[in-house]
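Notes follow once the structure below has been shown.
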Amino acid sequence: MPYSIRQRLLVFLLALTITGWVIIALASYFEARNEIETLFDAHLLQSAKVLLSIVDQELYEEKSNAAKTPSFNREKSELEDIQEHLIKHTHEKLLAFQISINRDNFNFSSAEAPVQPLSNNEPGYSDTTINGVPWRVFTLHDPANVIVVRVAEPYSVRSNLVGEIAFNLLIPMLIGLPLISILIWKSVGLILEPLNKVAADIQQRNSSQ
């Protein structure tokens, strides 16, 4: 009988511990996932603003130079300077972008960007799949609707980071669960020790009668 009580108590405590641990791990996982999504979306927005600022500044400078120097070859110099500045800012290897300057019919894409347009030019966030690759896209226009910036990131980048977080949450659980099981086993044994002595005394009295 004491052994049966001990066994049931161990099963109950272990099940309760595992359930609680799993709930905490899942809650932490989904919270981390939401934070990652928010962080990556904010990064897309910030990158789009930076690129738009670079292109807008270059267009402004080239326009000023063209006004000061009538013989200035604005179109050639403008496109070359913009491309040079954009190349310097392509430090994010996994970040793809496409930039269109409507009045010059100019398009510039990073090496990671697909050939197809990343969005239909609707401003804001959007999701698209190109050649089987899902992308998260942010599209930004300048106030005059002359410049269109599309910045995108493959969803695989986010999935990999979320996977790493899930793995890091799982490691402590796998390591700690056996230790907690041993502690529960020992604790239950100590708690039930008086009951075991009582049961042993009763059994000894019954055998002596």
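To keep it simple, each residue is scored yes or no on (1) at pLDDT below 85; (2) acidic (Asp, Glu); (3) open to solvent by less than 80 Å² (accessible area, probe 1.4 Å); (4) in a helix (DSSP H, G or I).
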| position | (1), (2), (3), (4) |
| --- | --- |
| 26 | yes, no, no, yes |
| 37 | no, yes, yes, yes |
| 40 | no, no, yes, yes |
| 51 | no, no, yes, yes |
| 58 | yes, yes, yes, yes |
| 61 | yes, yes, yes, yes |
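Has region 131-141 got any residue that is over 30 Å from residue 17 (Cα atoms), at pLDDT 80 or above and loosely packed, with under 11 Cβ neighbours inside 10 Å? Steps first, please.
Residues of region 131-141 that are over 30 Å from residue 17 (Cα atoms), as a first pass: 131-141.
Okay, now just the ones that are also at pLDDT 80 or above, so 131-141.
Retained after the next criterion (residues that are loosely packed, with under 11 Cβ neighbours inside 10 Å): 131-132.
There is at least one residue in region 131-141 that is over 30 Å from residue 17 (Cα atoms), at pLDDT 80 or above and loosely packed, with under 11 Cβ neighbours inside 10 Å.
Scanning for something modelled with pLDDT of 85 or more, surrounded by 11 or more Cβ atoms within 10 Å (Cβ to Cβ) and of a type in the set (Val, Ile, Thr), does region 89-96 turn up at least one residue? Checking region 89-96: not a single residue is modelled with pLDDT of 85 or more, surrounded by 11 or more Cβ atoms within 10 Å (Cβ to Cβ) and of a type in the set (Val, Ile, Thr). Residues in region 153-176 that are surrounded by 14 or more Cβ atoms within 10 Å (Cβ to Cβ) and not hydroxyl-bearing (Ser, Thr, Tyr): 153, 154, 157, 158, 161, 162, 165, 166, 169, 173.
The values are calculated or read from the model by the stated rules, or taken from the named source; none is laboratory data. Being a predicted model, the structure only gives us computed values, none of them experimental. Note that each Cβ is placed from the backbone with ideal geometry, even for glycine, and that neighbours are counted across all protein chains shown. Side chains are part of the model used for accessible areas, which takes the heavy atoms of the whole protein and leaves out ligands, DNA and RNA. Shrake-Rupley method; radii C 1.70, N 1.55, O 1.52, S 1.80 Å.
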